[in-house]
Amino acid sequence: MIFHGYFRSSSAYRCRIAFNLKGLSPEFVPVHLRRNGGEQKQEAYKALNPQGLVPALEGDGSVLTQSLAIIEWLDETYPTPALLPADSIQRAKVRAFALAIACDIHPLQNLRVLDYLKNDLGHDQSVLDNWCRRWIGDGLAACEALLEREAGHGDFCFGDAPGLADICLVPQMFSATRFGVDLSKLPRLQAIQAACEALPAFADAHPVRQPDSEA
Ligand SMILES: N[C@@H](CCC(=O)N[C@@H](CS)C(=O)NCC(=O)O)C(=O)O
């Protein structure tokens, strides 16, 4: 398998955690999102992912894109440890939490959106920072409320073991910190982040520990 990603990409970070939890070490090819106008926009990369977004996973003669699709494929192909619960209601809840982050928070902080706000609409960095803080902050507050219903159900988002929800949460918390979101009103999310980051699978996936890190 060949994994195309970028150290700071939260979508790539999700996949790295999933690889680690599954004990997999795909070959890594960095795609620099800033260099040369963005390597993700060049034809060579767009031949892999016409969306011009990381990550992409090559293997078995196919190219998979979209982090959640990649992670679900991994989970089906390498079932242990399971990243989704066996119970269908719990599975729907885990997917809803993951999608709240991947569909409703993350796209608003994406590089191309921030570049558009800055370069096309002429907003300065302080507007961009406020934009990110607003949408990440609101989104994570909703995630905190979603998990309040699960209170008493373990150290992780949905139970005693990390899964797809935690895989999405930890990179989003990293971005929240990067953009200066006030996390003090999110005690459950912070506790889950700490529980996850104590595990090597999460710690080793952190952006600063990647070969292309610029931190
Ligand atoms: N929904 C996609 C999002 C992919 C995505 O937006 N990737 C970002 C990095 S986290 C990217 O490549 N951004 C490049 C750009 O905006 O030009 C996924 O989960 O894989």
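Since every read-out is calculated from the coordinates, none of them should be taken as a lab result. Since this is a predicted model, take the numbers as computed values, not measurements. Every residue, glycine as well, gets a Cβ built from its backbone with ideal geometry; the counts of neighbours run over all protein chains shown.
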Here the averaged projected area of the range 2-81, based on the convex hull of its alpha-carbon atoms and given in nm², is 4.9
Once Lys and Arg get +1 and Asp and Glu get -1 on their Cβ, which of Val127, Gly23, Gln42 lies farthest toward the positive end of the dipole of the chain? Val127
Extending each Cα 7 Å along its Cβ direction at Ala142 and Asp182, get the distance between those two points in nm, one decimal. 2.1
In what sequence do Phe174, Phe97 fall when counting other Cβ within 10 Å, fewest first? Phe174, Phe97
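Under the classification rounded if a/c is under 1.5, otherwise prolate if a/b is larger than b/c and oblate if not, where does the range 1-134 fall, given a ≥ b ≥ c as square roots of the Cα gyration tensor eigenvalues?
On the way: a/c = 2.57, a/b = 1.36, b/c = 1.88.
Note, shape of the range 1-134 comes out oblate.
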Amide N proximity, the range 123-145 versus Gln190 label position 7 Å along Cα-to-Cβ, cut-off under 20 Å: 133-145
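What is the mean projected area of the alpha carbon convex hull for the range 61-215, to one decimal in square nanometres?
Values: hull surface 43.4 nm².
Average of the hull's projected areas for the range 61-215 equals 10.8 nm².
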Round to a whole angstrom and tell me the spacing of the C-alpha centers of the range 57-112 and the range 174-215. 18
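Just want to confirm a number: the relative contact order over the chain, from Cα pairs under 8 angstrom separated by 6+ residues, in percent. Please report the intermediate quantities before stating the final value.
Numbers: 255 pairs, mean separation 52.2, N = 215.
Relative contact order, the chain: 24 percent.
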Non-local amide H neighbours of Gly5 (under 5 Å, H modeled in plane, Pro and chain starts lacking H): which ones? Val29, Val31
Restrict the search to the range 139-211; then list the trypsin sites (Lys or Arg not before Pro) that DSSP places in a loop and that have at most 12 other Cβ atoms within 10 Å of their Cβ. Arg149, Lys185
Taking only DSSP H segments of four or more residues, each worth -39500 (n - 2.57), what value at 222 nm results for the chain once the sum is divided by all its residues, to the nearest 500 deg cm²/dmol? -14500 deg cm²/dmol
How far apart, in nm, are the 7 Å Cα→Cβ label points at Glu214 and Arg91? 4.1
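Could you check what % of the DSSP bridge pairs in the chain are antiparallel, to the nearest 5? Write out the running numbers ahead of the final one.
Working: 8 of 12 bridges.
Taking every DSSP beta bridge with both residues in the chain, the antiparallel ones total about 65 percent.
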Compare the Cα positions of Cys143, Ile192, Ile71 along the charge dipole of the chain (+1 at Cβ of Lys, Arg; -1 at Cβ of Asp, Glu; about the Cα centre) and return the one farthest towards the positive end. Cys143
The distance between the Cα centres of the range 156-173 and the range 19-54, in whole Å, is 23
With +1 on each Lys and Arg Cβ and -1 on each Asp and Glu Cβ, how big is the dipole of the range 101-167 about its Cα centre, in debye rounded to the nearest 20? 260
Along its principal axes, what span do the Cα atoms of the range 39-108 show, with the longest given first and each in whole Å? 42, 32, 13
Using a simple charge model, +1 on the beta-carbon of Lys and Arg, -1 on the beta-carbon of Asp and Glu, nothing else, what dipole does the chain show about its Cα centre, in debye to the nearest 20? 340
